[in-house]
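Step one of this worksheet: look at the structure below.
All of the numbers you see were taken from the coordinates with simple rules; none came from a lab. None of the values given here were measured: they were computed from a predicted structure. Quick reminder, even Gly has a Cβ in these numbers, built from the backbone with ideal geometry, and neighbours come from all protein chains shown.
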Amino acid sequence: MAAVMAMTDRSAAWPWRGGVPPHLPRPARMPKAFLLPGDPARVDFAASVLRDFVIVGQNREFRLGCGYYDDVPIGVCSTGIGGASAEIATIELAAMGAGVLVRTGGCGALASDLSLGDFLVADEAVRNSGVAAVYARDPASPVRADPSVSAALLQACNALGLPGRPGRCVTADGYYRAQGRPNTADGRGDPDVLDRFAAAGADAVEMEAEIIFAAAAACGARAGAILAVHAHRRSDGWLEDYEMTQRNLMRAGAQALATILKTSDSSNVS
């Protein structure tokens, strides 16, 4: 066993090798702030938002690139869909030196005052995710975004003229039945699921924010989330073309991160 450990230079408990994580690509110079879209394909949208944007690499669902916004280094790393992969991205980015993380993703609106294409700055996640519960063990304690990150995201929305407001999200650990959808094309959904989410105070449902908030806090990092309304679960509306909405998400997230780093830390790379 000792010989095997010497050959691999890593352990099952912490399977890194030479400072390189087992899942994420590692940049040569590590930005301290990252945008976290879910879809790897959306990482490339950052080329229209960040200066000198380059893709560092991709492994599985984790595609990572780096660029500059207002001369501040900003990273972009996809989390994939759901809690398990969002946990991996959050933990490995924080361990590599990222101190501020912003989820940029889609959501299904529950609140009547949210419309397709609007933005929700999630300052709290209603307790729901089993993955998040591993990090935030007291079910009575709320899982919140860092207030400074939420404030910067709202400020960026206002500056860019984007329709955004603060609110709560709920993070589902699945996409179909876990969000009240049917599991066959001709099946029936379960509206009680959405009613429970709304009764708990959720304005929208998504799949990663609670995990990112909880895992980041456990690592000493700050996290926030800005979510675009891709669907409205009450009216059953669907935003078919959301590429510009996603680019605006990244623009707001990048501006918020640049503001945070400029006011809090003169060193923006690890």
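Laid out as a table, the results:
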{"quantity": "Shape of segment 111-212, Cα gyration tensor, a/c cut at 1.5", "calculated": "oblate"}
{"quantity": "Restricting segment 107-176 to chymotrypsin sites (Phe, Trp or Tyr not before Pro) in coil, as DSSP defines it, with at most 16 other Cβ within 10 Å", "calculated": "175, 176"}
{"quantity": "Estimated FRET transfer efficiency when R0 is 45 angstrom, pair residue 196-residue 247 (beta carbons, to 0.05)", "calculated": "0.85"}
{"quantity": "Whether segment 1-148 is rounded, prolate or oblate, judged on the alpha carbon gyration tensor where a/c under 1.5 counts as rounded", "calculated": "oblate"}
{"quantity": "Kyte-Doolittle at least 0.5, axis length at least 15 Å by Cα - qualifying DSSP helices, the chain", "calculated": "83-95, 147-160"}
{"quantity": "Residue-count net charge about residue 10 - beta-carbon cut-off 15 Å; Lys, Arg +1, Asp, Glu -1", "calculated": "0"}
{"quantity": "5 Å-binned pair-distance histogram of the chain (Cα, whole percent)", "calculated": "1, 6, 13, 18, 19, 16, 12, 7, 4, 2, 1, 0, 0"}
{"quantity": "Segment 211-270 and segment 18-78: distance between their alpha carbon centers, rounded to Å", "calculated": "14"}
{"quantity": "Three-way shape call for segment 192-270 based on the alpha-carbon gyration tensor, with the a/c threshold at 1.5", "calculated": "oblate"}
{"quantity": "Surrounding net charge for residue 248, when Lys and Arg each add one and Asp and Glu each subtract one, Cβ distance under 14 Å", "calculated": "0"}
